[in-house]
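A quick write-up on the structure given underneath.
The values are calculated or read from the model by the stated rules, or taken from the named source; none is laboratory data. Only a predicted model underlies this, so the values are computations on that prediction, with no experimental measurement involved. Using ideal geometry, Cβ is built from the backbone for each residue, glycine included, and neighbour counts are taken over all protein chains shown.
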Amino acid sequence: MSEAQRNATAGSPDKVLFGIVLALVVCGVLLVFDASYPTSSDQARYGNDAWYFAKRQMAYAAVGVTLMLVVSLAPLEWIRKASIVLLLVSIGLLVHVLRCGVTINGSKSWEKLGPVLFQPSELAKLAIIVYLARALGRPGIFAKGRERRWLVPLAWSGLTVLLVVAERDFGTAAVMTAIVFVMFALAGAKKRYLALAVVIGAAAVLGAMTHLPHCRARVAAYKDPWQHYHHAGYQIVHSLIGFGTGGLTGVGLGEGRVKSYIPAAYTDYIYATLAEEFGLVGSLALVILFAALAAKTFIIAGKSKSLYGALLAAGVGSAVSTQALINMAVATNSIPATGLPLPLISYGGSSLVTTLLALGLVLSVSRNVGVEIDSEKADENSAYRRRDGRARISGRSYRGSSTRNRSERRITVRR
């Protein structure tokens, strides 16, 4: 199939997904203004400008939405070809930030570009998804007798995660680990390997919580935030107060008080501001929006004729939903603090722009659900001729007919 033919069969981006994303971005800008104006209007370093953070968030949103629309028009083959370059660039940036980066809140994960702070680990999350979709999308990668084929993508993924751990950005490392696990599982990794990965991951988390001073302090604050009120438990206490004050319907827009006490009210703990001012109803509404976003990305993945596109959409969906779940869990003190922003909602250009860029990839997949990549098609035909265990895309059988609808293929694994 020629490129002209591929472009001719591409449709329009998924309008429902696009609408959900825009709704979350608009909510984010409004919440950033609401949660930040007590800080920005009261401090000279922000020019006593109540709109200081909101204006910047709107600028980041404009850049991110523009990039999302541009990427949504890109053919999947182009994205696939750029995956290795993006991964190498991300690793290079992670190494550079370890040597020359800026330390904020104990994490040396920031790069200063003039007046702008950029977090390379956010780009690394996207790079991992794009690279693994290509590496794990090759037929036969988990076939019997070919076990070593998946060691290369596992090694690159492990290196990237370890560099983020070295920056003391454990929250982002946890999200990246979840991405790797989900994508390996969807690509057909054997259950015994997945079980081993869970055991190793749990042991690593337990080791960090018991041996690293930074993590031990957060665990202690999680267990009893009031006892550590003047230190690690300060933000947790006020976050819980916000949830308790909000009740069912909240105290009203702009009437919340916890945002005046929490230093990270417009970043890591923005969910507490929402809970106080809009109550349980508003909190659940945001959860539903994120659930709808995750469900839509996996629906698109299930419809994709391309294995690469399916893994790409599923990887982005797992990344956004995992990070949102972790942020909300931290705000409710369900898990120890991680320092992760709420995707599309919290203030910050690195997170917002890269998340919108990643969702642009999903929109590209939605445009090309019926399109099969030439290089992938060649690999698949070769795998079918080998007749060995492989990751396969098979179709649904209709009643009374043995024919398969190639436009409704999905991922299955033969062992």
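Checked against the criterion of being touching an Asp or Glu at 6+ places or on another chain (Cβ under 8 Å) and at pLDDT below 85, segment 129-137 contains one or more residues that satisfy it. For the condition at pLDDT below 95 and closer than 23 Å to Phe33 by Cα, Thr322 does not qualify. From Tyr229, Tyr266, Tyr271, grab the single residue that is outside any helix (DSSP H, G or I) and closer than 19 Å to Leu31 by Cα. That would be Tyr266, the only listed residue that is outside any helix (DSSP H, G or I) and closer than 19 Å to Leu31 by Cα. I'm trying to understand the selection: among the residues of segment 233-285, which are touching a His at 6+ places or on another chain (Cβ under 6 Å) and aliphatic (A, V, I, L, M)? Those that are touching a His at 6+ places or on another chain (Cβ under 6 Å) and aliphatic (A, V, I, L, M): Val258, Ile262. Taking residues in segment 114-136 that are at negative phi, and partners anywhere that are basic (Lys, Arg), the pairs with Cβ atoms closer than 9 Å and at least 6 places apart or on different chains are Phe118/Lys112; Val130/Arg80; Ala133/Arg80; Arg134/Arg80; Arg134/Lys81; Ala135/Arg149. Of the residues in segment 34-65, how many are within 25 Å of Arg367 (Cβ to Cβ) and either of a type in the set (A, V, I, L, M, F, W, C) or more than 19 Å from the chain's Cα centre (by Cα) (or both)? Number of matching residues: 4. Looking only at residues in segment 218-233 that are farther than 20 Å from Arg168 by Cβ and among the aromatic types (Phe, Trp, Tyr), the one that is modelled with the lowest pLDDT is Tyr229. Under the condition of being of a type in the set (D, E, K, R) and buried (at least 16 other Cβ atoms within 10 Å of the Cβ), which residue from segment 31-72 is nearest to Tyr266 (Cα to Cα)? Among residues in segment 31-72 that are of a type in the set (D, E, K, R) and buried (at least 16 other Cβ atoms within 10 Å of the Cβ), the one nearest to Tyr266 (Cα to Cα) is Asp34.
Screening segment 248-287 for residues that are polar (S, T, N, Q) and within 19 Å of Ile335 (Cβ to Cβ) and picking the one that is farthest from the chain's Cα centre (by Cα) gives Ser283.
Taken together, the criteria exclude Ala310 from residues that are touching a Lys or Arg at 6+ places or on another chain (Cβ under 9 Å), outside any helix (DSSP H, G or I), aliphatic (A, V, I, L, M) and buried (at least 22 other Cβ atoms within 10 Å of the Cβ).
Per-residue answers, yes or no, for (1) without any contact (Cβ under 8 Å) to a residue 60 or more places away in the chain; (2) more than 19 Å from Leu312 (Cα to Cα); (3) not in a helix (DSSP H, G or I):
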site	(1), (2), (3)
Pro153	yes, no, no
Gly158	yes, no, no
Val175	no, no, no
Ala204	yes, yes, no
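Per the listing Leu88, Leu94, the residue uniquely closer than 30 Å to Ala217 by Cα and part of a helix (DSSP H, G or I) is Leu94. Looking at Ile288, Ile300, just one residue is surrounded by 23 or more Cβ atoms within 10 Å (Cβ to Cβ), part of a helix (DSSP H, G or I) and out of contact with any strand residue (DSSP E or B) (no Cβ under 7 Å at 6 or more places or on another chain), and that residue is Ile300.
If you go through segment 238-262 and pick out every residue that is surrounded by fewer than 20 Cβ atoms within 10 Å (Cβ to Cβ) and farther than 20 Å from Ala324 by Cα, you end up with 14.
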